[in-house]
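The values are calculated or read from the model by the stated rules, or taken from the named source; none is laboratory data. The structure displayed is predicted, hence computed values, not measured ones. Accessible surface areas use protein heavy atoms only, side chains included; no ligands, DNA or RNA. Shrake-Rupley method; radii C 1.70, N 1.55, O 1.52, S 1.80 Å.
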Amino acid sequence: MIAVNGLSRIYSVGKVEVKALVDVSLALEDGDVTCVMGKSGSGKSTLLRQLGLIDRPTSGQILLDGQDVTRLSDGARARMRLTRLGYIFQEFALLSELTAHENVYLPGMMLGGDLSYEKRAAELLGLVGLGDRIRHRPKELSGGEQQRVAIARALINNPRVLFADEPCANLDSISSEIVMETLLRLNRDMGVTIVFVSHDPDDKKYAKRLIFLKDGRQVPEYL
Ligand SMILES: Nc1ncnc2c1ncn2[C@@H]1O[C@H](COP(=O)(O)OP(=O)(O)OP(=O)(O)O)[C@@H](O)[C@H]1O
Ligand SMILES: [Mg+2]
């Protein structure tokens with residue numbers, strides 16, 4: 001369970017302050033599928049980065065299973081990210097020189113990996129429908145396939161919570177459907193809690209819970 005209390009993130013750029021997130025509070029239950037919606041610049045990625053322990057808030061609290069993760073050291077947060085969370089970035093962020101297979105098992109290596117991660121990486125690529133593409137490098141894959149490699153990579157540590165920042169941005173509608181169905185299957189079959197970002201009102205249908213942001217604030221549905 002994730003509880004967020006009064007979360008704010010203010011970026012300082014020179015003398016200008018950008019209030020990217022203002023006093024956001026919410027509670028997400030285990031097994032939920034939540035969609036964060038809002039227009040470009042509304043703070044969606046900023047919120048996801050706070051929840052995924054990639055960035056720290058300016059003020060407010062995030063409780064992960066009752067533990068205040070905003071107060072943990074950088075090292076403890078990195079360990080928690082590696083062992084419990086999965087993150088799919090708005091850009092796929094695959095390493096171009098590595099094969100699909102190597103991209104997926106790399107985080108396992110960071111966990112002090114052994115050969116079992118290589119085997120699991122190949123299984124995960126099969127799970128996302130890329131069993132016959134594991135030796136391909138990113139530039140030898142379509143956009144939707146690269147996004148599915150990024151999903152497989154986010155799953156290598158068996159995360160309890162998966163964050164996906166606009167997983168279907170820049171994909172055609174068929175690839176988008178395959179990516180969303182892959183995520184929903186993980187939720188259904190393995191109980192993975194999913195928080196994804198979208199600015200497409202059509203994606204509301206995938207979510208059990210909706211969060212709308214406007215200028216960094218939580219607002220009632222408006223898209
Ligand atoms: N590192 C940063 N430094 C300064 N300002 C930032 C930074 N990151 C984001 N911002 C600003 O914070 C606001 C929220 O940005 P954010 O990336 O969270 O929006 P978003 O809702 O994800 O938008 P998009 O749909 O375009 O991805 C924007 O006004 C943006 O310009
Ligand atoms: Mg964004």
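Sorted from largest down, give the three principal axis spans of the alpha carbons of segment 2-219, whole angstrom values.
Here the Cα extents, ordered largest to smallest, are 47, 38, 38 Å.
How long are the semi-axes of the equivalent ellipsoid of segment 98-223, defined as square roots of 5 times the Cα gyration tensor eigenvalues? Whole Å, largest first.
Each semi-axis is the square root of five times an eigenvalue, giving 28, 16, 13 Å.
With every protein chain kept in place and ligands, DNA and RNA left out, what is the accessible area per residue of segment 2-219? Probe 1.4 Å, answer in Å².
Heavy-atom accessible area per residue stands at 48 Å².
Output ³J(HN,Hα) for segment 57-67: one whole-Hz value per residue in order, computed from phi by the Karplus curve 6.51 cos²θ - 1.76 cosθ + 1.60 with θ = phi - 60°, and x for Gly and Pro.
In residue order, the calculated couplings are x, 6, 8, x, 10, 10, 9, 10, 6, x, 9 Hz.
Would you kindly derive the ³J(HN,Hα) couplings of segment 161-177 from the backbone phi angles with the Karplus curve 6.51 cos²θ - 1.76 cosθ + 1.60 (θ = phi - 60°), listing them in order in whole Hz, with x for Gly and Pro?
Values per residue, Gly and Pro as x: 10, 10, 9, 9, 8, 6, x, 10, 4, 6, 10, 6, 5, 5, 4, 4, 5 Hz.
Classify segment 1-94 as rounded, prolate or oblate from the Cα gyration tensor: take a ≥ b ≥ c as the square roots of its eigenvalues, call it rounded if a/c is under 1.5, otherwise prolate when a/b beats b/c and oblate if not.
The shape class here is rounded.
Between residue 39 and residue 16, what is 0.36 nm times their sequence separation minus the Cα-Cα distance? Round to one decimal in nm.
6.1 nm
How high is the relative contact order of segment 161-200, given as a whole-number percent (alpha carbon pairs under 8 Å, six or more residues apart)?
After rounding, I find 62 percent.
Once phi is turned into ³J(HN,Hα) by the Karplus curve 6.51 cos²θ - 1.76 cosθ + 1.60 with θ = phi - 60°, what whole-Hz value does each residue of segment 83-95 show in order, with x for glycine and proline?
These are the phi-based 3J(HN,Hα) values: 9, 10, 10, x, 9, 10, 7, 4, 9, 4, 6, 8, 8 Hz.
Quick check: Cα centre of segment 1-78 to Cα centre of segment 82-107, how many Å?
Rounded to whole Å, the Cα centres lie 22 Å apart.
Contact order normalised by length for the chain, with contacts defined as Cα pairs under 8 Å and 6 or more residues apart; what percent is it?
Relative contact order, the chain: 30 percent.
In whole percent, how big is the carbon plus sulfur part of the accessible area of segment 2-219, probe 1.4 Å, protein atoms only?
Ligands and nucleic acids excluded, carbon and sulfur reach 50 percent.
Hey, which of these cross-link pairs are over 21 Å Cα-Cα: 44/214; 44/208; 15/39; 39/205?
15/39
How far, in degrees from 0 to 90, does helix 143-154 lean away from the longest principal axis of the Cα atoms of the chain, to the nearest 10?
It works out to around 80 degrees.
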